[in-house]
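See structure below.
The values are calculated or read from the model by the stated rules, or taken from the named source; none is laboratory data. As the structure is a computational prediction, the values presented were derived from the model and not from experiment. No Cβ is skipped: glycine too gets one built from the backbone with ideal geometry, and neighbour counts run over all protein chains shown. Only protein heavy atoms, including side chains, enter the accessible area calculation; ligands, DNA and RNA are left aside. Shrake-Rupley method; radii C 1.70, N 1.55, O 1.52, S 1.80 Å.
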Amino acid sequence: MFKHVDYLQFQAKPEKPDALLARKMQELVGGQFGEMTVMMQYLWQGWSCRVPGKYKDKIMDIATEEIGHVEMLTTMLARLLEGAPGEATEKAAAANPLLAAVLGGMSPQHAIVSGGSALPRDSEGTPWNTGYIVASGNLLSDFRSNVAAEAQSRLMTSRVYTMTDDRGVKDMLQFNLARDTYHQQQWLLGIEQLIADGFVEHGIENSNGEDEKDGPNRTFYSFDPESTAGEGRWAQGPSLIDPKQELVYVADAQPLTDDKPLGPAPDPKLYVTYDGSMGKGKPGTGAGAHAQGVANVVNKIKGALD
């Protein structure tokens with residue numbers, strides 16, 4: 001259950017309308033790293049969290065705050081769009097309000113689609129989509145994604161902040177900048193808490209780590225003979241996973257196999273350009289696909305028994 005308080009978390013009062021600024025601020029609403037993304041990302045992570053108590057509560061608290069941030073931004077955009085489409089000096093624009101809006105930098109969609117309100121889209125009009133969010137069920141991986149999302153969101157907010165002199169807009173964005181700063185800390189501290197509580201040994205996701213190949217898990221491969229990447233900490237010193245092991249730098253890395261990137265002979269019914277060097281390809285049929293499916297099931301059962 002969610003409750004709604006009929007007040008904004010922080011005020012959203014521009015000094016004056018500015019349709020062009022509203023268009024720019026759409027990125028902060030529906031862009032890949034906009035408030036809609038972090039809102040939905042945290043909500044999905046919270047709903048999916050299998051750890052009752054402080055972790056689930058933390059995620060849901062931040063997610064709920066982000067709902068309020070979307071509300072603040074949509075309110076700000078509606079106020080920035082007040083009176084739009086505006087007047088323009090050109091006679092042609094004066095006779096066509098929509099043209100005036102375009103010439104003034106306003107998004108036509110603000111006039112045509114939303115009637116002077118914010119849109120769930122980015123600054124170019126691209127609709128927000130669920131492919132932007134990360135909710136894996138693994139708190140370490142999710143918290144890492146959340147730090148990155150907050151950093152990108154704050155960076156965009158900071159850039160928009162420098163694009164306006166409106167004191168009312170800047171006042172709200174100063175609040176948003178502060179919250180994005182703290183939210184980065186919340187997720188980083190959450191990773192520290194996961195380690196302290198024994199959910200993970202360290203801050204690196206390495207599920208099935210006992211099965212990974214030793215060596216490549218601590219090796220920096222360089223593919224440029226003149227690369228200076230080996231001078232960085234990431235290519236030398238102790239591993240973050242096991243401080244007893246040293247990182248390895250391999251200059252001018254070479255293939256570790258003689259396997260070449262060539263697929264099998266193609267199905268002749270697909271009309272793939274092919275020189276015949278690998279023999280005749282297997283023609284695909286519905287029966288063949290069924291047989292392959294059965295074989296896959298059998299192999300899975302054998303693997304489970306082994």
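Look at the stretch 203-217: where a residue is aliphatic (A, V, I, L, M) and a partner is open to solvent by less than 100 Å² (accessible area, probe 1.4 Å), sitting 6+ places away or on another chain with Cβ atoms under 9 Å, you get Ile204/Leu140; Ile204/Ile241.
The set of residues in the stretch 194-246 being in contact with a Leu (Cβ under 9 Å, 6 or more places away or on another chain), assigned to a helix (DSSP H, G or I), open to solvent by 80 Å² or more (accessible area, probe 1.4 Å) and over 19 Å from Val147 (Cβ atoms) consists of Arg233 alone. Comparison of Tyr42, Tyr7 shows that the only residue that is buried (at least 20 other Cβ atoms within 10 Å of the Cβ), aromatic (Phe, Trp, Tyr) and either at pLDDT 95 or above or not in a helix (DSSP H, G or I) (or both) is Tyr42. Give the stretch 166-192 a look and list any residue that's polar (S, T, N, Q) and either modelled with pLDDT under 95 or loosely packed, with under 15 Cβ neighbours inside 10 Å (or both), or say none. If the condition is that a residue be polar (S, T, N, Q) and either modelled with pLDDT under 95 or loosely packed, with under 15 Cβ neighbours inside 10 Å (or both), then Gln174, Thr181, Gln185 are the ones that fit.
Taking residues in the stretch 59-76 that are assigned to a helix (DSSP H, G or I), and partners anywhere that are of a type in the set (Lys, Arg), the pairs with Cβ atoms closer than 8 Å and at least 6 places apart or on different chains are Glu65/Arg179; His69/Arg179. The C-beta contact set for the stretch 154-182 (first residue under 21 Å from Thr37 (Cβ atoms) and of a type outside the set (A, V, I, L, M, F, W, C), second residue surrounded by 15 or more Cβ atoms within 10 Å (Cβ to Cβ) and at pLDDT below 95, distance under 7 angstrom, 6+ apart or interchain) is empty.
Among the residues of the stretch 46-82, the ones that are open to solvent by less than 40 Å² (accessible area, probe 1.4 Å) and within 17 Å of Asp197 (Cα to Cα) come to 5 in all.
Determine, yes or no, whether Gly276 is out of contact with any Leu (no Cβ under 6 Å at 6 or more places or on another chain), open to solvent by less than 70 Å² (accessible area, probe 1.4 Å) and part of a loop (DSSP other than H, G, I, E, B). Spelling it out, Gly276 is indeed out of contact with any Leu (no Cβ under 6 Å at 6 or more places or on another chain), open to solvent by less than 70 Å² (accessible area, probe 1.4 Å) and part of a loop (DSSP other than H, G, I, E, B). Picking from residues in the stretch 114-163 that are farther than 17 Å from Leu81 by Cβ, assigned to a helix (DSSP H, G or I) and β-branched (Val, Ile, Thr), the one that is modelled with the lowest pLDDT is Thr130.
The set of residues in the stretch 99-109 that are at pLDDT below 85 and either surrounded by fewer than 19 Cβ atoms within 10 Å (Cβ to Cβ) or within 28 Å of the chain's Cα centre (by Cα) (or both) comprises Leu99, Val102, Leu103, Gly104, Gly105, Met106, Ser107, Pro108.
In summary, Ile191 fulfils each of the numbered conditions (1) closer than 20 Å to Gln32 by Cβ; (2) touching a residue at least 40 places away in the same chain (Cβ under 8 Å); (3) in contact with a Gly (Cβ under 8 Å, 6 or more places away or on another chain); (4) not in a loop (DSSP other than H, G, I, E, B) with the single exception of condition (1).
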